[in-house]
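Since the structure comes first, as structure tokens, the remarks are kept for the end.
The values are calculated or read from the model by the stated rules, or taken from the named source; none is laboratory data. The shown structure was predicted, so the numbers you read here are calculated from the model rather than taken from an experiment. Counting neighbours? That spans all protein chains shown, and the Cβs are built from the backbone with ideal geometry, glycine included.
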Amino acid sequence: MGGLTVKALIVVADNFEDSHLLVPLYWLQEEGIKVDIAARNKGLFRGTRGHEVEVRKSIYDVRPDDYSALVLTGSRFQKAAPNRLLDMLRYFVEKDKIVAAMCEGLQTLISAGVLRGRRAVWHESVIITELMSAGLLYEFRDIVIDGKIVTCRRSAGLPVFAKTLIGLIANEKWYYTMEDVLAPCMN
């Protein structure tokens with residue numbers, strides 16, 4: 001990563017999908033990327049499969065300029081995302097920073113209004129008329145990359161999701177489409 005301190009912020013809520021936190025967290029850390037985990041409040045959060053994580057940062061204490069990427073895990077709170085999180089998402093998109101969302105995290109991107117005219121995955125937690133109302137060009141794929149916004153539909157796509165996220169953060173490769181990610185693997 002060129003010696004620079006690169007940081008990513010993963011936002012969780014209680015009942016997060018364990019793999020949505022653990023896969024990107026471990027892959028990012030393996031690449032030497034510092035990762036902070038934040039939530040609406042500090043405290044102990046439990047995943048749907050029982051993994052517990054101690055969250056030491058509230059989203060209200062986070063300084064968005066300290067991070068290169070914002071990652072939303074899948075969880076049940078997405079429709080009731082706090083305004084602070086929605087504002088952070090808008091800020092990241094306005095500043096051309098990386099935003100990544102898995103499964104129900106798509107709902108938070110829609111609530112923030114950052115997907116109008118952009119491509120993203122479809123997830124069954126969001127009804128199609130809501131996607132269309134948001135101006136989103138949805139695709140039935142596991143991963144969709146639109147500039148610096150990466151969306152992942154299901155857990156099976158997490159390895160490619162994490163690889164894409166790392167590539168964007170490292171600025172080694174600018175991924176525009178899924179084909180850009182998979183092309184090196186096909187040779």
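For the stretch 154-187, the set of residues classified as under 12 Å from Asp142 (Cα atoms) and either at pLDDT 55 or above or in contact with a Lys or Arg (Cβ under 6 Å, 6 or more places away or on another chain) (or both) consists of Arg154, Ser155, Ala156, Gly157, Leu158, Pro159, Val160, Phe161, listed by residue number. If the condition is being under 14 Å from the mean Cα position of the chain (by Cα), in a loop (DSSP other than H, G, I, E, B) and charged (D, E, K, R), then the stretch 43-95 contributes no residue at all. So is Met102 surrounded by 14 or more Cβ atoms within 10 Å (Cβ to Cβ), modelled with pLDDT of 95 or more and not charged (D, E, K, R) or not? No: the conditions fail for Met102. Listed by first and then second residue, the pairs with beta-carbon distance under 9 Å, at least 6 apart or on different chains, first residue in the stretch 62-76 and surrounded by 23 or more Cβ atoms within 10 Å (Cβ to Cβ), second among the small types (Gly, Ala, Ser) and in a loop (DSSP other than H, G, I, E, B), are Leu72/Ala81; Thr73/Ala13; Gly74/Ser125; Ser75/Ala13.
Could you grab me the full set of residues in the stretch 45-58 that are out of contact with any Asp or Glu (no Cβ under 6 Å at 6 or more places or on another chain), surrounded by fewer than 19 Cβ atoms within 10 Å (Cβ to Cβ) and at negative phi? Outline the logic, then answer.
So the first thing to find is which residues in the stretch 45-58 are out of contact with any Asp or Glu (no Cβ under 6 Å at 6 or more places or on another chain), and the list is 50, 52-56, 58.
Among the residues that remain, those that are also surrounded by fewer than 19 Cβ atoms within 10 Å (Cβ to Cβ) are: 50, 52, 54, 56, 58.
Scanning the stretch 45-58 gives Glu52, Glu54, Arg56, Ser58.
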